[in-house]
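**Student:** My structure is below; once you've seen it, I'll send some questions.
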């Protein structure tokens, strides 16, 4: 709290204003007062130990189901041509398996999206949860 008494009132002051410095120091003091007790109480956590030789048996992998849709609308389930009704019944049976296999759809490039969407909605309606798409790799340049 510098105060100038008499003398030159219009010239520059060569003394440092310590008020902002004191404010910053008080804020830092408060922060350290709050955080210091927290650092003196360590939290102990018991972490489980990984067992490299797990005794758990993994569930057998179920092979995915393959559904191919050609550009003329014909469907091939597991490489056998099926009608829409046959496909629904086979998907209903596959949906009851535990663990449920994934349905992988291969659709021709020229087929309309609404036809693929209808097959997906039929599969979901029969209880299939895992539905995926198969594509080809892009050509390497």
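Where a number appears in this text, it was derived from the coordinates with a stated rule and is not lab data. This is a predicted model, so every value here is computed, not measured. Backbone-built Cβ (ideal geometry, glycine too); neighbour counts: all protein chains shown.
**Student:** State, to one decimal in nm, how far the label point of residue 19 lies from the label point of residue 36, with both points 7 Å from Cα in the Cβ direction.
**Tutor:** Going by the 7 Å Cα→Cβ label model, 2.9 nm.
**Student:** Expected output is a single nm value to one decimal: the length gained when fully extending between residue 76 and residue 109, i.e. 0.36 nm times separation in residues minus the C-alpha distance. What is it? Walk me through the numbers before you get to the answer.
**Tutor:** Numbers: separation 33, 0.36 × 33 = 11.88 nm, distance 1.56 nm.
So the chain would gain 10.3 nm between residue 76 and residue 109.
**Student:** Once you sort the root eigenvalues of the Cα gyration tensor of region 98-141 as a ≥ b ≥ c, which label holds: rounded (a/c under 1.5), prolate (a/b larger than b/c) or oblate (the other case)?
**Tutor:** Oblate.
**Student:** Take the alpha-carbon centre of region 87-101, take the same for region 9-33, and report the distance between them in whole Å.
**Tutor:** When both Cα centres are located, 75 Å separates them.
**Student:** Next question. Taking every pair of distinct Cα atoms and averaging 1/r, then inverting, what Kirkwood hydrodynamic radius in Å comes out for region 65-133? Walk me through the numbers before you get to the answer.
**Tutor:** Working: mean 1/r = 0.0841 Å⁻¹.
With all distinct Cα pairs of region 65-133 included, I get 11.9 Å.
**Student:** Within region 94-117, which residues have the backbone N less than 13 Å from the label spot 7 Å out from residue 135 along Cα→beta-carbon, could you tell me?
**Tutor:** 107, 109
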